Amino acid sequence: MTEKKYWSNDVTRHSNALDLEDNVFTLDDPRAVAGSLKRSAEASRRRKSDPFRSAMSMLTFYINRAGKNLPQSRRRVLERAKTELRKAFGRENDTAR
């Protein structure tokens, strides 16, 4: 059986801005997801915006691309990861989406 190719999967795996840690979006702890994205964003030299925006963009991209196929429990973890990401970057009051 051949694997379907989706452009969004390719972006997640081979982002031109962030080198993501393996299975970052499958972690069960929102703080762990946020920490991994923060490390990736701060280490990247190819990103076009500041680390916070790059990390948040990748997280939002993943949530949006998964769409209705994303189980509600996984969506909850990833939505909470947004809050943890804001905390990790000291942007708790930054609720703009």
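A short reminder: the numbers here are calculations on the coordinates, not readings from a lab. Please read these numbers as outputs of a predicted model, since none were measured by experiment. Here Cβ is always computed from backbone atoms with ideal geometry, including for glycine, and neighbour counts include all displayed protein chains.
Data overview
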| read-out | value |
| --- | --- |
| Burial order of peptide ranges 61-73, 27-39 (average beta-carbon count within 10 Å, highest first) | 27-39, 61-73 |
| Spin-label model distance (nm) - ARG31 vs ASN64, 7 Å beyond Cα toward Cβ | 2.9 |
